[in-house]
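One structure below.
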Amino acid sequence: RFEQARSRLLALPAALHNTAEVCVGLAEVALALHEDEEARRWFDKAFKLNPNDAFLRHVAGSRDASRAADEYVRSLFDSYAGGFEQSLISLGYRVPGLILRALERHLPGFAEGGTVGDVLDLGCGTGLIGVILHDRLQGRLKGVDLSQGMVDQARAKGIYTDLDVAELTAYLENEVETWRVAIAADVFCYFGDLASTIANVRRVLQSGGLFIFSVERHDGAEPWVKQATGRFAHSRRYVESLLADWESLEVKDDVLRVDRGDLVHGLLVVARRP
């Protein structure tokens, strides 16, 4: 009952209007009602009242930012880890299943019951990719995530051969092992500029290895935008431009999940290192 919530918040005593908590409440109501500019206005006011808050620094920061700050991502997912999977299920989260279908289309022998080989799961979260691949692995499954809380959830599943708590870009720059498949499921919504990350993934893939990832789709002229939710969305043209040195197998429009009652449209990307 978002309109009722907004009326209640606005009816609070005037002194409470100048608290970050009330401003965030009004911003969340505006987001739920698809009033993104109104949400930005309330987030901006909340940030002025509480400039040390990592969440507010990100959502109210520059729209030209090229990525979310580590502090923001870590605190968000550490607090979210316990209820993360239940929340995604309630949002009709489809990305792990889409990745499984992509492997069936593009990994030789996989659709006929073959195994996947060594897999690097970037931004592994609670290990949902591990769950869909656990009976098809023949090799290592390594997960990397910035959030200790999420990695703890993934470790409890007993599927991953190795798990690292690390920032994605720094990890890739220092990785010395190579992988048959690299996956980034619903991770790049926290990155605007993807150029260096995708180049580093290419470096750690074996010859002929697959990289499968998802992005939220942006239909404007910009290569990417930071949305009022704080998540980044990317244009098809930008994503395709980053695959110039790859064998591009698929850049497929698909629905990733539901958000604020609407379908979230994205791109599922499959590329092979030549």
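The values are calculated or read from the model by the stated rules, or taken from the named source; none is laboratory data. Computed from a predicted structure; not experimentally measured. Neighbour counts run over all protein chains shown; Cβ positions are idealised from the backbone, glycine included. Note: areas computed on protein heavy atoms with side chains; ligands, DNA, RNA excluded. Shrake-Rupley method; radii C 1.70, N 1.55, O 1.52, S 1.80 Å.
Some points to look at:
- Close pairs from region 76-98: first in contact (Cβ under 8 Å) with a residue 60 or more places away in the chain and open to solvent by less than 30 Å² (accessible area, probe 1.4 Å), partner assigned to a helix (DSSP H, G or I) and of a type in the set (G, A, S), Cβ under 6 Å, at least 6 apart: A81/G149
- First in region 148-168 and in contact (Cβ under 8 Å) with a residue 40 or more places away in the chain, second anywhere and open to solvent by 30 Å² or more (accessible area, probe 1.4 Å) and outside any helix (DSSP H, G or I), Cβ under 9 Å, 6 or more apart: Q148/V165; M150/V165
- Yes/no for F188 being more than 21 Å from F84 (Cβ to Cβ), in contact with a helix residue (DSSP H, G or I) (Cβ under 8 Å, 6 or more places away or on another chain) and open to solvent by less than 60 Å² (accessible area, probe 1.4 Å): no
One line per residue, one yes/no per condition, for (1) touching a Phe, Trp or Tyr at 6+ places or on another chain (Cβ under 9 Å); (2) of a type outside the set (A, V, I, L, M):
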position	(1), (2)
A111	no, no
D118	yes, yes
G125	yes, yes
R136	yes, yes
R155	no, yes
D164	yes, yes
A170	no, no
E177	no, yes
A182	yes, no
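- Unmet requirement for D64, which otherwise passes all of (1) out of contact with any helix residue (DSSP H, G or I) (no Cβ under 8 Å at 6 or more places or on another chain); (2) surrounded by 15 or more Cβ atoms within 10 Å (Cβ to Cβ); (3) more than 16 Å from I183 (Cα to Cα); (4) of a type in the set (D, E, K, R): (2)
- Condition check for A228: open to solvent by less than 60 Å² (accessible area, probe 1.4 Å) and not in a strand (DSSP E or B): yes
- Selection status of S214, among the small types (G, A, S), at pLDDT 95 or above and more than 18 Å from the chain's Cα centre (by Cα): no
- Within the option set R8, R40, R57, being open to solvent by 20 Å² or more (accessible area, probe 1.4 Å) and farther than 29 Å from W224 by Cα holds for one residue only, R8.
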